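Structure record follows, encoded as structure tokens.
The values are calculated or read from the model by the stated rules, or taken from the named source; none is laboratory data. Please read all numbers here as calculations on a predicted model, not as lab measurements. Don't worry about glycine lacking a Cβ; one is built from the backbone with ideal geometry, like all the others, and counts go over all protein chains shown. Side chains included, ligands, DNA and RNA excluded: accessible areas come from the protein's heavy atoms. Shrake-Rupley method; radii C 1.70, N 1.55, O 1.52, S 1.80 Å.
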Amino acid sequence: MKISNKDLSTLADTVKEASSSKLAEKIEIQNYPEIETSSHPMALIIEDDEPSEVNVVSELKKVNFLYKTAKTVKEGIEVYKSLDKQGIKIDVLFLDIVLKDKSSGIEFLKIIRANQWMENTFIIIMSSLDDEKVINECYKYKIKNFLHKPIKKRNFKKEERKIFNYLKKMRCPIEIGRAHV
């Protein structure tokens, strides 16, 4: 993957602006001290379409996922940084490509890859775009799947199985507290 100096400059400006903004005050970040986060995976949903967000959240609740939402790239950066400070890893990212504030899911992909964030996160792109060039660009940033919106319940169930298989594969094979000496 090759990122131009102009892209890096734009990414740096976006990260700086999000870090220095008051977005963190607007985004409610909860601590989950009573919940073992390893048994309740964390999802980040960057989606500005309310019905799509509600559908994804509803499905995630059914399978006991913790989740945070953001409507823009800047909010997504803030949520990521807040969770990272709390030591909470994002297991799954649901990312819309075209956001109403003119930001782009591809922009977010560039930022997370340039900063080596979410290296082991299962990334699902959600979009109503059928542009093959956009879809191919997303795959260059190591996404796991591209779902066409509106997302049908049957398609989400297939993704759910893929997510859980991936998380199982990523889990440490030695259970803490059960190792034999």
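Observations on the structure shown:
- Positions within the range 62-82 being under 12 Å from the mean Cα position of the chain (by Cα), aromatic (Phe, Trp, Tyr) and over 18 Å from residue 113 (Cα atoms), in sequence order: 67
- Among the residues listed as 85, 133, the single one being over 20 Å from residue 160 (Cβ atoms), modelled with pLDDT of 95 or more and open to solvent by 50 Å² or more (accessible area, probe 1.4 Å): 85
- Residue that is nearest to residue 169 (Cα to Cα), among those in the range 93-121 that are small (Gly, Ala, Ser) and modelled with pLDDT under 95: 105
- Hits in the range 50-72 - residues which are among the small types (Gly, Ala, Ser) and either open to solvent by 50 Å² or more (accessible area, probe 1.4 Å) or within 16 Å of residue 157 (Cβ to Cβ) (or both): 58
- Index of the failed condition, residue 117 passing every other in (1) aromatic (Phe, Trp, Tyr); (2) in a loop (DSSP other than H, G, I, E, B); (3) crowded, with 22+ Cβ neighbours inside 10 Å: (3)
- Residues of the range 135-156 satisfying the condition of being touching a helix residue (DSSP H, G or I) at 6+ places or on another chain (Cβ under 7 Å) and either of a type in the set (S, T, N, Q) or part of a helix (DSSP H, G or I) (or both): 137, 138, 145, 156
- Test: residue 159 is within 21 Å of residue 54 (Cα to Cα) and part of a helix (DSSP H, G or I): yes
- Of the residues making up the range 91-114, those that are open to solvent by less than 10 Å² (accessible area, probe 1.4 Å) and in a loop (DSSP other than H, G, I, E, B) number 2.
- Residues in the range 69-90 that are of a type outside the set (Val, Ile, Thr), in contact with a helix residue (DSSP H, G or I) (Cβ under 8 Å, 6 or more places away or on another chain) and assigned to a helix (DSSP H, G or I): 74, 75, 76, 78, 80, 81, 82.
- Residue in the range 138-150 that is open to solvent by 70 Å² or more (accessible area, probe 1.4 Å), of a type in the set (D, E, K, R) and either at pLDDT 95 or above or on the phi > 0 side of the Ramachandran plot (or both) present: yes
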